[in-house]
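Data first, discussion second: the structure below is written as structure tokens.
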Amino acid sequence: MRVALLPGDGIGPEVIAEARRVLDALGLDLTYEEALVGGAAYKATGHPLPSDTLEVAKRADAILFGAVGDPDCDALERHLRPEQAILGLRKELTLFANLRPAKLFPELADASALRPEVAGQIDMVIVRELNGDVYFGEKGMRKTTDGKREGYDVMSYDEDEVRRIARVGFETARARKGRLCSVDKANVLETSQLWRDVVIETAAEYPEIALSHMYVDNAAMQLVRNPGQFDVIVTGNLFGDILSDQASMCAGSIGMLPSASLDANQKGLYEPIHGSAPDIAGQGKANPLATILSAAMLLRYSLAQPQAADRIEAAVARALAAGARSPDLGGTMSTNQMGDAVLAALT
Ligand code: NAD
Ligand code: IPM
Ligand code: MN
């Protein structure tokens, strides 16, 4: 089982190191291939996603990714910026289905930004489309006829793109509580009207699923008012990006949420939903649990190792129950000490 390790920038290498220690402790037959990505790759090779790195990702059975993003690179031409590496990997490998589960570990009720009785209800999966939307449309800077600078980014989805992610949403709901909420902005956007039409058409294939629709502004409000109402949310690339960061804080911290980005054959890239956190990089303050939980998703979805995945998830729960807390969770433990706590809790 070949795992590509792409640590990236900022806290990426710090959190990947802890996930690697946990994977190593499981006694599985894993081989690793590590490669540069993001700002680190740009600085070494002149490109954020060198072809060697793409090849490593392509030949692996699964990819564990840290984070990309480096303030030194923010003024580069867009195609050279670190963020293009993760966008390129998602597109090149057709990783169109991003699963972002948000569940409150009961021990973390006090870390949530919500009241404990509200936060305690959170148990959802956000299914975010990852290959389309305003992220990948035509974009640019131009001059208006009266000489003003204008930036533009075209938002679009075609019906096949919507149908394939809608099916992932319905299938995810079928494996859970059977409720799917499609989030859009159909009251304003044609892209969203097509989204909603195609989701409704696709629902005919899943009569047992309770489908609802919600505008994204209301969804943002409902996520903090009553997050327990959601089982599975399916939404586009941009809305899913924003709502998942919000959901993470409802569930305790952005340092807690893992994700899986899957193609049609369960090949996947696994990463925490957070970024490279330049404000805390190099200080041992990063919470590695989102990445450790991403490694568990990797074992479950791409390497067919559900028991090993269960062991990791149970160890994280036990470590939290034993009081392991990084600064984002209100504690003082370092990244490395959080890794130690999970290792100590592995059975
Ligand atoms: P961020 O997620 O990196 O950080 C937001 C805030 O959350 C910061 O205060 C940070 O310290 C904190 N935080 C994030 N992860 C944490 C963790 N594991 N433990 C404790 N605290 C944590 O988002 P940002 O600051 O908006 O972006 C920083 C850079 O990361 C940018 O270059 C951005 O483009 C990039 N980014 C990359 C990814 C990715 O690689 N998939 C995701 C998001 C942002
Ligand atoms: C994420 C990030 C990325 C996104 C950026 C870094 C391109 O925010 O993975 O959530 O917007 O998808
Ligand atoms: Mn994001």
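All of the numbers you see were taken from the coordinates with simple rules; none came from a lab. The structure displayed is predicted, hence computed values, not measured ones. With ideal geometry, Cβ positions are generated from the backbone for all residues, glycine too; neighbour counts draw on all protein chains shown.
Here are some notes:
- About its Cα centre, the dipole of segment 1-57 is roughly 80 debye, where the only charges are +1 on Lys and Arg Cβ and -1 on Asp and Glu Cβ.
- The mean sequence separation of alpha-carbon pairs under 8 Å and at least six residues apart, normalised by the residue count of segment 113-250, gives a relative contact order of 38 percent.
- Computed log₁₀ I(q)/I(0) - Debye formula, equal Cα scatterers, no solvent, the chain, q 0.09, 0.12, 0.14 Å⁻¹: -0.48, -0.87, -1.19
- Cα centre as origin, Lys/Arg/Asp/Glu Cβ charges: the chain dipole, Debye: 380
- Within the straight-line cut-off of under 24 Å between alpha carbons, the lysines reachable from Lys177 are Lys103, sequence neighbours fewer than 8 places apart in one chain being disregarded.
- The residue list Met221, Leu114, Gly236 was ranked by how far each Cα lies along the charge dipole of segment 113-250 toward its positive end, using unit charges on Cβ atoms, and Leu114 comes out on top.
- Centroid-to-centroid, using Cα positions, segment 224-240 and segment 33-94 are 28 Å apart.
- In summary, the lysines within cross-link reach of Lys139, defined as a Cα separation below 19 angstrom excluding same-chain residues under 8 places away, comprise Lys91, Lys148.
- Each Lys and Arg adds +1 at its Cβ and each Asp and Glu adds -1 at its Cβ; summed about the Cα centre, segment 113-250 shows a dipole of about 380 debye.
- Tensor-based shape of segment 113-250 (alpha-carbon gyration tensor, a/c under 1.5 rounded, otherwise prolate or oblate): oblate
- Note on segment 237-347: Kirkwood hydrodynamic radius from all Cα pairs is 14.5 Å, rounded to one decimal.
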